[in-house]
Amino acid sequence: MDDIISVYCTLYCYPFSLYSIMVKYLIRLIERSAKSHDGASRALKIRERLLDLQHDENIAEWYILDVNRKGQVPTMAIKGDRSRITDSLDISYWLCDMFPNLLPCQYEAIIRRLLRDLHDIEGISITIRRRDGPEEDLIDPCVDDMLARDDISPEYRQALEAKKIFDDSHVPKASHHVNQLALGRRGGPTVLDAQIVPFVTRVEDAGRARLAPETLLRYAAARRASPEWDVVMGGKSTIWRKEYGQVCDTYDMSADLPPAATLFVPRPSSGLV
């Protein structure tokens, strides 16, 4: 292992974020098949940094200025690289570059199309039902509350205003999406598995199982019986429940946690240079 380069990554995430779950589940699926360092060129050491979205840590000054201007999770940061990967699908494709088996060439076109269609569905539309009142009710007021303060820096205010513009244009359309999808022919496990299982599970957890085909419900149930899913969710729903208590009291939110996963990248790899 002396010639293997270690690449340290931080995945900023939240335990009950649908898109965080997608990336975390993908990492576990990779880990299952990438435990051996034989023939590996790199070792991705991925540390999870949990954000406390219950207390708006995603719009904390350090996060919105230095990590993700959109104030969202997940975000992947690579040590030594100032750029950030701030979209769950982009993170997934970044991993596919290093682990080509996640995106088999014979199925690549249909997988990319299905993932594009899947991510056209706003995740918030699964859990928040359309209201009779204005669609603006769907928008979290925490950004406005922060902007109303007079003790924040000009840089932070500018970043918050940019996030508000993003939210105002992005969130309201969530209530118009129809939560239906079709699963095409696939290999497995692929990047599609890592996205579909959390999505269908979220649909079920939200009490909307009728929106998913029975074949998909059975498929997701079988995948959830795996140890990889258990590592990600620990028997919990993908939606936070009151009985779970405060996230900060249940999970280790430390910034100094050891790597949660080590993925050995086979040669050749085009994901990192």
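Numbers below:
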{"read-out": "Cα-projected label distance for residue 217 with residue 83, points at 7 Å along beta-carbon direction, nm", "value": "4.3"}
{"read-out": "Inter-label distance, nm, simple model (7 Å from Cα along the C-beta direction), residue 62/residue 230", "value": "3.5"}
{"read-out": "Cα-centred dipole magnitude for region 2-121, charges only on beta-carbon of K, R (+1) and D, E (-1), debye, nearest 20", "value": "140"}
{"read-out": "Other-chain or far-sequence residues with amide H under 5 Å of residue 261's (modelled H)", "value": "46"}
{"read-out": "Relative packing of 238-246, 57-65, which averages over residues the other C-beta atoms within 10 Å, highest first", "value": "57-65, 238-246"}
{"read-out": "Protection proxy ranking of 215-222, 200-207 - average other beta-carbon atoms within 10 Å, highest first", "value": "200-207, 215-222"}
{"read-out": "Approximate spin-label separation residue 6-residue 250, in nm, with each point projected 7 Å along Cα-to-Cβ", "value": "3.2"}
{"read-out": "Under 19 Å from residue 45, Cα to Cα: lysines that are on another chain or at least 8 residues apart", "value": "24, 35, 79"}
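Throughout, read-outs are computed from the coordinates displayed, never taken from laboratory work. Nothing here was measured: the structure is a model prediction, and the numbers come from that model. Neighbour counts run over all protein chains shown; Cβ positions are idealised from the backbone, glycine included.
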